Amino acid sequence: MIDSKVWNVNVIKDNPVYPFVVIDNWYTQGEESAVWTELDFYSSLPKINVPRAENTIVSRLEDGTPLGKHYRWYTSSIYNEYGRQFSPILNCMYKQRTPEFYNLLKGCQPHYKSFNSTNRDSTLVSYYEENDHYKPHWDNAHWTMCIWFFKDPKKFTGGDFTFDEPNIEVKCKHNRAVFFPSCYSHSVSPIKFDKKPIEFGTGRYTITHFYYTDIEQKYPEEVKKGDN
């Protein structure tokens, strides 16, 4: 069970495409503190060794031009199957498999049903600093969750998230999560720092969880039970 009472939930369905969910206070205070220890560890690594999106597997135009420009860490390259238990970010993913989360998704009719059949996930941590952005793209998954983190006080402008097809902007807010069908075109506006130089790690983090369906894997217990 989770204390979903701390969540501030808004199901956005007054648009011509798909409903999506925005959740403020996604992590509890204790979870937030633990997640910061992981993010601070990532940003303590030599900056020159952190992969850039434009040099990795990222959405691209037909001519190969990368749509994303930012730093990123793949948790699968940091933790093996047994190491997930040491990641606060990955340990908090139980929340998406609770009855409380499934129930709030019912506002996303009829698309929420496809999340119940997902049984595989992957996680990506992105970091945006001066001029970093992500142009309109869609994800190769069924559902996507983005959670935004940044240091207080906020030292930048921009970094806002837009669903491009209905042109709906979701403001970048710390500890805010947005959950949506992955086929939804979305983008991130460029980051602009208030002043320079800026220490690495004081920009905008995005924790992204992707959800898929693998017919050879077992389904979560909640899916087996159904939600009828």
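The values are calculated or read from the model by the stated rules, or taken from the named source; none is laboratory data. Just so it is clear, the structure is predicted and the values come from calculations on it, not from any experiment. Using ideal geometry, Cβ is built from the backbone for each residue, glycine included, and neighbour counts are taken over all protein chains shown. Quick note on the areas: whole protein, heavy atoms, side chains included, nothing else; ligands and nucleic acids left out. Shrake-Rupley method; radii C 1.70, N 1.55, O 1.52, S 1.80 Å.
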Among the residues of region 114-150 satisfying the criterion of being among the small types (G, A, S) and closer than 20 Å to A53 by Cβ, which is modelled with the highest pLDDT? S126
Name every residue in region 185-212 that is at pLDDT below 90 and either assigned to a strand (DSSP E or B) or in contact with a strand residue (DSSP E or B) (Cβ under 8 Å, 6 or more places away or on another chain) (or both), in order of residue number. K196, I198
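What number of residues within region 123-155 satisfy the criterion of being under 13 Å from T206 (Cβ atoms) and not aliphatic (A, V, I, L, M)? First the steps, then the outcome.
So the first thing to find is which residues in region 123-155 are under 13 Å from T206 (Cβ atoms), and the list is 123-129, 132-134, 139, 144-150.
The next check asks that each one be not aliphatic (A, V, I, L, M); those that pass are 123, 126-129, 132-134, 139, 144, 146, 148-150.
Matching residues across region 123-155 total 14.
Considering region 65-113 alone, what residues qualify as being β-branched (V, I, T), surrounded by fewer than 16 Cβ atoms within 10 Å (Cβ to Cβ) and in contact (Cβ under 8 Å) with a residue 12 or more places away in the chain? Walk me through it before giving the result.
Taking region 65-113 as the starting set, the residues that turn out to be β-branched (V, I, T) are 65, 75, 78, 89, 98.
Imposing the further condition that a residue be surrounded by fewer than 16 Cβ atoms within 10 Å (Cβ to Cβ) reduces the set to 65, 98.
Selection gives T98 alone.
Show me the strands (runs of 3 or more DSSP E) entirely contained within region 1-86 in which 2 or more residues are at pLDDT below 85 and in contact with an Asp or Glu (Cβ under 7 Å, 6 or more places away or on another chain).
On the way: elements: 8-12, 20-24, 71-74.
Qualifying strands (runs of 3 or more DSSP E): none found.
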Restricting attention to region 190-207, report how many residues are among the polar types (S, T, N, Q) and surrounded by 18 or more Cβ atoms within 10 Å (Cβ to Cβ). 1
Quick test for you: out of E62, E38, E32, pick the one residue that is open to solvent by less than 30 Å² (accessible area, probe 1.4 Å) and acidic (D, E). E38
Between a first residue in region 184-203 that is on the phi > 0 side of the Ramachandran plot and a second residue that is not in a loop (DSSP other than H, G, I, E, B), which pairs have beta carbons less than 7 Å apart while being 6 or more apart in sequence or on different chains? G201/D40; G201/S43
Unmet criterion (only one of (1) at pLDDT 95 or above; (2) farther than 20 Å from I89 by Cα) for P153: (1)
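Residue-by-condition table, conditions (1) polar (S, T, N, Q); (2) touching a strand residue (DSSP E or B) at 6+ places or on another chain (Cβ under 7 Å):
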| site | (1), (2) |
| --- | --- |
| E38 | no, no |
| L61 | no, no |
| L90 | no, yes |
| N103 | yes, no |
| N119 | yes, no |
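Identify all residues within region 156-179 that are open to solvent by 70 Å² or more (accessible area, probe 1.4 Å) and either under 17 Å from I207 (Cα atoms) or among the charged types (D, E, K, R) (or both); write none if there are none. Explain how you work it out, then say what you get.
Going residue by residue through region 156-179, those that are open to solvent by 70 Å² or more (accessible area, probe 1.4 Å) are 157, 165, 167, 169, 171, 173.
Residues satisfying the conditions are E165, E169, K171, K173.
Going residue by residue through region 119-136, is there one that turns out to be part of a helix (DSSP H, G or I), open to solvent by 40 Å² or more (accessible area, probe 1.4 Å) and among the basic types (K, R)? Please lay out each step first, then the result.
Going through region 119-136, the residues part of a helix (DSSP H, G or I) turn out to be none.
No, every residue in region 119-136 fails to be part of a helix (DSSP H, G or I), open to solvent by 40 Å² or more (accessible area, probe 1.4 Å) and among the basic types (K, R).
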Does V21 qualify as being touching a helix residue (DSSP H, G or I) at 6+ places or on another chain (Cβ under 8 Å) and more than 22 Å from S122 (Cβ to Cβ)? no
